[in-house]
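What follows is a short report on a single structure.
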Amino acid sequence: MVRTHCWAVLEPAGKCARSGCRNPVVVAMAFCNAELLCNVVDPLAAIFMSASIHSDLHCHSHFSDGSLSPEALLFLAQSRGVNQLAITDHDTVKAYSPALAANAAELGVSLISGCELSCQWQRRGIHIIGLNMNLEDTAFRQAMLQQAEARGHRAEAIARALARLGFTVDLAQVQELAAPGILGRPHVAKHLVATGQQPSMAAAFKRVLGDGKAGDIKANWPELETVVGWIVRAGGVAVLAHPLKYKVTLTKLRGLLDDFKQVGGQGIEVISGHQEPSRVKTLSDLASRYDLHASMGSDFHTPGQPWADLGHIQSIPEGCKPIWQLWS
Ligand code: AMP
Ligand code: ZN
Ligand code: FE
Ligand code: FE
């Protein structure tokens, strides 16, 4: 059964007209008009539920560049059989609150604190996932403030870089697009599309915001060592995010992993969204070569992207040490 509830059958208050369900996922989905099944068990979820742990340790809420609220992510995770979830917004942990923790407990989802931190290594932009930090740690809270400030300065630098190319970027409008989240490149891309300066988000990234383009400003980010230090000192585990997305040679990637290990990194994403088996093999070999624990995450941002869909990821391959061994 598909598409039992589309936006057309939702009442204004967000209650499903058919079942009376007020599941916030349904409400969130309604706004993006994606397919979502209310009160219908996802067939994959049934399989995952039979396994002991099904994790998704990399996803984004509307506090960064995702489209769903943390509560909606929780409901979606549960409907997909995910019983261990980390919400890893870019450079913010605003998704986490006592109310969310209570919701998670009620739904039987083990909520792990998480954050995807931006840093640089050899002047390349690198993402490090921090998991299981103490979010009350004073130094970590200070680090979050520092990252927010860096994002602010970076946004201004992006606007200047794009102005030099003849674009007009109104940062107040970009901030509105980003609300309630922090401002990132996807919001600038959205703004360029909304103001008719680019035909699509993809074009905006390809032309000006993607890797190595004028709007890909990295100078504001701290060094890899600093970011790993923040995570470790807050009692967390540092994981190299999506290692095959950095467009570097395998030799460079090994250099990165050498340095990452040296500064206290403990994990690597062996499963990052939908991946070819050969890539999973490359990553699990790297995990064992560098004696790193393996993490798994969809990098979910919004419904309708099957390559990064919450909970729809394969398990960690046999022989890898699951990252959650480090906290459970
Ligand atoms: P930021 O943290 O501001 O550097 O933005 C990074 C986010 O931009 C990533 O997490 C992706 O969601 C998005 N992104 C990066 N590259 C692309 C791309 N080529 N096309 C679409 N979105 C992208
Ligand atoms: Zn993102
Ligand atoms: Fe990332
Ligand atoms: Fe991400």
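The values are calculated or read from the model by the stated rules, or taken from the named source; none is laboratory data. Just so you know, these numbers come straight off a predicted model, no measurement behind them. Quick reminder, even Gly has a Cβ in these numbers, built from the backbone with ideal geometry, and neighbours come from all protein chains shown.
Only one of the listed residues (Val280, Val232, Val270, Val228) is β-branched (Val, Ile, Thr), in a helix (DSSP H, G or I), in the same structural domain as Leu57 (by TED's automatic domain parsing) and in contact with a Pro (Cβ under 9 Å, 6 or more places away or on another chain). That residue is Val280. How many residues are aliphatic (A, V, I, L, M), away from ligand 2 (no atom under 16 Å from the Cβ) and either crowded, with 23+ Cβ neighbours inside 10 Å or under 17 Å from the mean Cα position of the chain (by Cα) (or both) when one looks only at region 217-239? Within region 217-239, residues that are aliphatic (A, V, I, L, M), away from ligand 2 (no atom under 16 Å from the Cβ) and either crowded, with 23+ Cβ neighbours inside 10 Å or under 17 Å from the mean Cα position of the chain (by Cα) (or both) number 6. Given the residues Val232, Val248, which is the only one that is more than 16 Å from ligand 4 (Cβ to nearest atom), free of Cβ contacts under 8 Å to residues at least 60 places away in the same chain and β-branched (Val, Ile, Thr)? Going through Val232, Val248 in turn, just one is more than 16 Å from ligand 4 (Cβ to nearest atom), free of Cβ contacts under 8 Å to residues at least 60 places away in the same chain and β-branched (Val, Ile, Thr): Val232.
Does region 134-149 contain at least one residue that is more than 16 Å from ligand 3 (Cβ to nearest atom) and under 20 Å from Gly212 (Cβ atoms)? Show your work before the answer.
Our first condition is that a residue be more than 16 Å from ligand 3 (Cβ to nearest atom); within region 134-149, this holds for 134-146, 148-149.
From the residues that got through so far, the ones that are under 20 Å from Gly212 (Cβ atoms) too are none.
No - not one qualifying residue is present in region 134-149.
When Leu117, Leu111, Leu145, Leu131 are checked against the criterion of being touching a His at 6+ places or on another chain (Cβ under 8 Å) and under 22 Å from Gly235 (Cα atoms), Leu117 stands alone in meeting it.
Would you check which residues across region 180-189 are crowded, with 18+ Cβ neighbours inside 10 Å and in a loop (DSSP other than H, G, I, E, B) and list them?
Going residue by residue through region 180-189, those that are crowded, with 18+ Cβ neighbours inside 10 Å are 181-189.
Result: Gly181, Ile182, Leu183, Gly184.
Name the residue, out of Ala214, Ala204, that is closer than 30 Å to His191 by Cβ, surrounded by 22 or more Cβ atoms within 10 Å (Cβ to Cβ) and touching a helix residue (DSSP H, G or I) at 6+ places or on another chain (Cβ under 6 Å).
Within the list Ala214, Ala204, the selection yields Ala204.
Screening Leu192, Leu177, Leu145 for residues that are assigned to a helix (DSSP H, G or I), crowded, with 22+ Cβ neighbours inside 10 Å and free of Cβ contacts under 8 Å to residues at least 40 places away in the same chain leaves exactly one candidate, Leu192. Restricting attention to region 240-253, the residues that are surrounded by 14 or more Cβ atoms within 10 Å (Cβ to Cβ), away from ligand 3 (no atom under 14 Å from the Cβ) and in a helix (DSSP H, G or I) add up to 2. If the condition is being buried (at least 24 other Cβ atoms within 10 Å of the Cβ) and of a type in the set (Asp, Glu), then region 264-312 contributes Glu269, Asp299. Here Gly130 fulfils each of the conditions (1) assigned to a helix (DSSP H, G or I); (2) within 16 Å of ligand 4 (Cβ to nearest atom); (3) of a type in the set (Gly, Ala, Ser) apart from (1).
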